[in-house]
Each structure stands twice: as structure tokens, then as C-alpha cells.
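Asker: Structure below; questions to follow.
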Amino acid sequence: MSLNNQDWHDVKDPTADSSYTYYASPHITQVDPNYGHVKATKSSTIKITGTGFSCFDNDCSDLKCRFGNTPSSYIYVNATLVSSEEISCDAPLYTKPDVLKVEATINGESYTSDNKTYGYFDPFVLDAVPRLISTDGKTIVDIKGIGFANTGEAKSLYRNKSNPILCGGSSTGCELAATFKDKHTLTTTTFA
């Protein structure tokens, strides 16, 4: 391949005074809390921990958090530098149940891609699959609905209209841990 004069048109003289700053890319390891209610009336501050957080200007104007799953839906929020391992930002108010990616930038352009999320919950159960469960207590049930978030605190409650369903010595009902599968599904086992 031959180079012509046009290829070199915008190249600066390497002896001129200019410099570049190289830095390790930041990474997010945790978002806390990683969920909030859709019906919140004010934004809440979240703590983002990780590595490589810094500011390159006096007012940290390039330090930002980005919430969203597609470029057309991104919400940008200014962040505050706490340390090289922590930033904070306000979770934006959001009008519907959803799980959004959380990303950060220290230069205003390059964002992290660590698959961390923030969930907006307003749960509503639509269905449970399967509808028939075994009496041995080992049936895995997918609870289908909308508005689920990965809170780490999801539970399922088994009951019927006429007689309370009791398990594990409980006198108030059968409440069991549930696992977040995605924003439309929680998984739980049946009671023994």
C-alpha cells in the first residue's frame, strides 16, 4: 500500500509539545443498592465500587454513570468521586419496571462494560409454571410476571383461599426463598 500526501495531512509534528495520559480502564464490581422502586418520589444515591476511578479535571465533569440498555434509552447522571475504588451517583427516576445496565466513564467517552445492573421493581405476578406440583416438595416453579428486580431478597408465598398452607413449622403460611432469573421470572421450589 502506498501512502500519498493526503494520508499525512492531519499528522502533527512528533517533536511538538503534546502529551497523552494512559490509564487503566475502570471496572465496576458492585452496585449498592442494585434496585429501587418504580414509584419512588425522589432519586436515591447508589454506591458503585470497583477499580480505576479517577478525575482528570478539577470539577470531575467527565465522571458519569450511564443507565440503559440501548443508545436510544441511555440516561446520563453526573457521578461523584469518593476514592479510586468508589464513586456515587443518583439512580434516575424511572417510570416502569425494568432492569438497566449501569456503566461508568472517567473520560466522558469510554464506558465500562461489566454487566452490572440496577433494577426498578413494581412486581406483579401473572402466572406460575407448572400449575401442578408434586407432594414431595421438589417441584421447581417459575413465577412469571413483570416488575421483578434482582434484590437478593425475593420470596414466594404459597397459600390458597380456604385453608392456610403451612410448612416448616410456620403458623402464618409457607414463605420460601426465590431466585431472580430475569426481569420476568423468579424461580422457587415448592414446600415439603
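Bear in mind these aren't lab numbers, they're just calculated from the coordinates by the rules spelled out. Treat the numbers as computed from the prediction; the structure is a model and nothing was measured. Please note: Cβ atoms are built from the backbone with ideal geometry, for glycine as well, and neighbour counts cover all protein chains shown.
Asker: Counting other beta carbons within 10 Å of each Cβ, put CYS65, CYS55 in order, fewest first.
Answerer: Listing CYS65, CYS55 from fewest to most nearby Cβ atoms yields CYS55, CYS65.
Asker: Using 1/(1 + (r/R0)^6) with R0 = 41 angstrom and r between the beta carbons of THR139 and ILE75, what's the FRET efficiency to the nearest 0.05?
Answerer: It comes out at approximately 0.55.
Asker: Still on this structure: Mean 1/r over all different Cα pairs, inverted: what Kirkwood radius does segment 52-155 give, in Å?
Answerer: Across segment 52-155, the inverse of the average 1/r is 16.3 Å.
Asker: Long-range amide H contacts for VAL102: which residues qualify at under 5 Å (H placed 1.01 Å from N, peptide plane, sequence gap of 5 or more or a different chain)?
Answerer: LYS116, THR117, TYR118
Asker: If you don't mind, another one. Kindly list the residues of segment 25-45 that lie in the label zone of SER110, defined by a backbone N under 18 Å from the point 7 Å along the Cα-to-C-beta vector.
Answerer: Correct set: 25-29.
Asker: If a paramagnetic tag sat 7 Å from the Cα of TYR23 along the Cα-Cβ line, which residues of segment 50-73 would have the backbone N under 15 Å from that point?
Answerer: Correct set: 50-65.
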